[in-house]
Amino acid sequence: MAKVVVLGAGVSGHTAATFLRDWLGPQHEVIVVTPNSKWNWIPSNIWVGVGQMTKEDVVFDLAPVYEKAGIDYRQAKAVSIHPEGGEAEDVPYVTIEYTGQGKEGEKELVAYDYLINATGPKLNFGATEGLGPDNGYTVSVCTADHATHANEELQKLIAKMKSGERQKIVIGTGHGMCTCQGAAFEYIFNVDHELRKAGVRDLAEITWISNESFLGDFGIGGLHMKRGGYAASSRLFAESLYTERGIPWIIGAHVNKVEEGKIHYEQLDGSTGELEFDFSMLIPPFSGVGLKAYAKDGSDMTDKLFAPNGFLKVDADYSGKPYEEWKASDWPKTYQNPDYPNIFAVGIAFAPPHGISKPMKSPNGTPINPTPPRTGMPSGIIGKTVAMSIRDMIEKNSDKPTHHASMAEMGAACVASAGKGLTDGMAASLTVYPVVPDFEKYPGIGRDIDYTFGEIGLAGHWIKHILHHMFIYKAQLKPGWTLIPE
Amino acid sequence: MSVKKELIVYPDDRINIPSTDVRKFDETLFEVIDMMKEVMEENGAEGLAAIQTGYPYNIVLVKEADGSILELINPRILKSEGLVSKTEKTLYYPDIEIEIPRYETIKLIYEDRFGKQHHMEASGDLARIIQRKIDYTFGGTFLSKVSKERREAVEKALAKNGLVPEVELCPTTSKRVYFLSVSDKILFFMFLTLFAKLFDASEETLSTLYTFDKIGVPLVIVLMIGYFVFGRWEAKKYSSCTSCQIGNMLGSMAKRIVAAAAIGVGAYFVLGS
């Protein structure tokens, strides 16, 4: 009998846990440890953030789903990993602290044979003073609760504009090392759409601020878009779109401080600036959730298991080679920890070997460039791949992972809406292949141009609606869920 | 010199290739820059992007007021101010002059040939040339800056002179529409079966029609999957085909699948009960 413990129940952790439960016989245990009681379809948080959906539309309770599936669910946060066991324990284990199920604050040891770290990111609002909804002045759409709060603030703003007050809105990224520019891009156009619907757009000054070195980078170095029969670079497309909507932009920017009503930033040329705002949604940078790791003798070995940014080390090349030597083969394939073969990390929780976008610094030495995206489709695929490897290691006694899913061999798709209507508005649907450029296989931009492009049109809204219902259906493990791809 | 010297002029779809950032600041880069300078001199150019010589690298050269050549490697425009329209010419479209709106003043960051980062401010004609050349590095010509109608008018005028871009030819017929045609016919007959009870049909006939509907629903779904797969394969040949876009194909698929599902549900209640 094997015991698989999955830390986290986001896209990758939930995928890994549910497939493992489906494949492994009842003699094996699958335990999910997550501090959350609900599963959240994060892409639709954008629509919650503008009041087009409610929190209830984008979340569901995990407990009944896991009970039906036969997964041992513990609503708790992981605190530490003990890969060699402890002084009193011979088997590896994790320590957890309950956040629900009537055991709040209780601590527990959970032994494992295989561990999947799928904790996702810590939303590191603390990296920028004054950032975030809890201890700062900006809102966020990163969680369903944040998005609900963002909408409440947006509605107050709209009410002020309806009474004739001009308002300043700033949307983008809240630090020089953020990812998820696409989410902010989607949010700014949804806000613009809502303000137009409310008839108050002329009273709003909307500004985009981001760490991209060119508009339309999206954290992946840009791509080609098709619109009205012509192909154009995402930079030219984005510039034309922002100009059409009357949205000025500030790029190559690191937001270093937020005060009430004021954002301070530094740009890649070393210059600094300030932006006033009445409403601001800035995406935070991500970091590891702060898990600690201990050796058998109790000594701290967090540095051995985790990279400095808090993400778990896997089979990637962490030698810190310079940009000109970055290769597709630096990226992990099996997501197995090199020191402890029974530990894997999936989704945002694995430590990337380096960035995807060109690393850039201001003359003051401040790094300002997008960090690698590992959300959504790649997260799901990686989760399932690791589940397949662990299944084979348990059932076929494989001594090493049997399945690979390098982000340098994997494509991804993304839909950025501008509104929610089925008959009005427009969306950008993007596909990228591979996610991590392979300069040896695809000389030039490192990607297959046939599969790296975007399209503009209403159909993107339909796709986003379909994905919303399809993935929530799949995550709820309803009949045929295994047939729906990641 | 080992690098090939060439100047790309319309029509040549290589101009639409997005350029990649220079990663290695070595002899090859120096050779490409030298070659570009020769091309500029031979053609009296005020500026040149590497892709205009067939090299998809993020390199821009511009002539400054004193005649010296400014080398901009991996340039990015950080700030821009004051949109002004002015008539422009470019080597890629030798006989075309067109009014293009561009920023009067820009601030950019770039690297020199040794990879050291710099920043500068440019205004007037220098700013205009830099913007035009940077557009080339992103796979866009100055026609990317004008309306679709204006662009089509220019391409029509060029076509009159026998200059037609091969890749922009979009097919008027496509074999993937056969999938749609067959699906539509099946859906039409499935729809008709819903009215069978009005004609006092026998139980056996109704049962046969219901069987037809039960086969029809998955058949339409399979045909739509085939339509999408075949359509994507076919679309690879045509970069500018709007009807080949994934969104359009998904829309066509969705309409027919929804129709098949609706008729299937209708048949279940009308014929199956």
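The values are calculated or read from the model by the stated rules, or taken from the named source; none is laboratory data. The model shown is predicted, which means the values in this text are computed figures rather than measured ones. Using ideal geometry, Cβ is built from the backbone for each residue, glycine included, and neighbour counts are taken over all protein chains shown.
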Identify, by number, the condition in (1) assigned to a loop (DSSP other than H, G, I, E, B); (2) out of contact with any Pro (no Cβ under 7 Å at 6 or more places or on another chain) that A:ALA416 doesn't meet.
(1)
Regarding A:PHE306, is this residue in contact (Cβ under 8 Å) with a residue 60 or more places away in the chain and surrounded by 15 or more Cβ atoms within 10 Å (Cβ to Cβ)?
no
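I'd like to check something: does the range B:95-116 contain any residue that is within 13 Å of chain A (Cβ to nearest Cβ), of a type in the set (Phe, Trp, Tyr) and either in contact with a helix residue (DSSP H, G or I) (Cβ under 6 Å, 6 or more places away or on another chain) or surrounded by 15 or more Cβ atoms within 10 Å (Cβ to Cβ) (or both)?
Step one: filter the range B:95-116 for residues within 13 Å of chain A (Cβ to nearest Cβ), giving B:100-103, B:106-111, B:114-116.
In the following step, the residues that additionally are of a type in the set (Phe, Trp, Tyr) were identified as B:103, B:110, B:114.
Among the residues that remain, those that are also either in contact with a helix residue (DSSP H, G or I) (Cβ under 6 Å, 6 or more places away or on another chain) or surrounded by 15 or more Cβ atoms within 10 Å (Cβ to Cβ) (or both) are: B:103, B:110.
Yes, the range B:95-116 has at least one match.
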Check off (1) under 30 Å from B:LYS5 (Cβ atoms); (2) in contact (Cβ under 8 Å) with a residue 40 or more places away in the chain; (3) of a type outside the set (Lys, Arg); (4) not in a helix (DSSP H, G or I) for B:HIS119 and give me the number that stays unchecked.
(1)
With respect to A:GLY421, is the statement that it is over 30 Å from B:VAL22 (Cβ atoms), modelled with pLDDT under 85 and away from chain B (no Cβ under 14 Å) true?
yes
Restricted to the range A:354-379, and to residues that are in a helix (DSSP H, G or I) and not aliphatic (A, V, I, L, M), which residue is farthest from the other protein chains (Cβ to nearest Cβ)?
A:SER379
Report yes if B:ARG132 is farther than 13 Å from B:VAL84 by Cβ and either among the basic types (Lys, Arg) or outside the structural domain of B:ALA157 (by TED's automatic domain parsing) (or both), otherwise no.
yes
Restricting the search to the range A:241-265, which residues are in a helix (DSSP H, G or I) and surrounded by 15 or more Cβ atoms within 10 Å (Cβ to Cβ)?
A:LEU241, A:TYR242
Only one residue in A:ILE220, A:ILE171 is crowded, with 22+ Cβ neighbours inside 10 Å, aliphatic (A, V, I, L, M), touching a residue at least 60 places away in the same chain (Cβ under 8 Å) and within 17 Å of A:ALA418 (Cβ to Cβ). Which one?
A:ILE171
Among what's in the range B:58-94 and is within 30 Å of A:GLY446 (Cα to Cα) and among the basic types (Lys, Arg), pick the residue that is nearest to the other protein chains (Cβ to nearest Cβ).
B:ARG76
In the range B:18-44, the residues that are surrounded by fewer than 18 Cβ atoms within 10 Å (Cβ to Cβ), outside any helix (DSSP H, G or I) and either aliphatic (A, V, I, L, M) or touching a residue at least 60 places away in the same chain (Cβ under 8 Å) (or both):
B:PHE25
Is it fair to say A:ILE382 is in contact with a helix residue (DSSP H, G or I) (Cβ under 7 Å, 6 or more places away or on another chain), part of a helix (DSSP H, G or I) and closer than 23 Å to A:TRP41 by Cα?
yes
Quick one: in the range A:447-473, which of the residues that are more than 10 Å from chain B (Cβ to nearest Cβ) and of a type in the set (A, V, I, L, M, F, W, C) is nearest to A:SER417 (Cα to Cα)?
A:LEU467
Being in contact with a Lys or Arg (Cβ under 6 Å, 6 or more places away or on another chain), within 15 Å of A:THR243 (Cα to Cα) and free of Cβ contacts under 8 Å to residues at least 40 places away in the same chain is the filter here, so list the residues in the range A:190-206 that pass it.
A:GLU205
Residue match in the range B:205-226 (condition: in a helix (DSSP H, G or I), more than 19 Å from B:PHE179 (Cα to Cα) and among the hydrophobic types (A, V, I, L, M, F, W, C))
yes
Taking the range B:12-57 as the region of interest, how many residues are more than 14 Å from chain A (Cβ to nearest Cβ) and at pLDDT below 90?
1
Output the qualifying pairs, or none if there are none: Cβ atoms under 6 angstrom, residues six or more apart or on different chains, first residue in the range A:136-152 and over 11 Å from A:GLY49 (Cβ atoms), second residue part of a loop (DSSP other than H, G, I, E, B).
A:GLY136/A:GLY130; A:TYR137/A:GLY130; A:TYR137/A:GLU260; A:THR138/A:LEU131
Looking at the range A:396-417 only, could you name the residues that are farther than 25 Å from A:PRO352 by Cβ and either surrounded by 23 or more Cβ atoms within 10 Å (Cβ to Cβ) or among the charged types (D, E, K, R) (or both)?
A:LYS396, A:ASP399, A:SER417
Under 7 Å between Cβ atoms, at least 6 apart or on separate chains: pull out the pairs that start in the range A:359-374 with a residue that is closer than 13 Å to A:ILE251 by Cα and at pLDDT below 90 and end on any residue that is part of a loop (DSSP other than H, G, I, E, B) and among the aromatic types (Phe, Trp, Tyr).
none
Take the residues of the range A:429-485 that are at pLDDT below 85 and among the polar types (S, T, N, Q): which is surrounded by the fewest Cβ atoms within 10 Å (Cβ to Cβ)?
A:THR431
Note on B:ASN74: of the conditions (1) touching a Leu at 6+ places or on another chain (Cβ under 9 Å); (2) in a strand (DSSP E or B), unmet is (1)
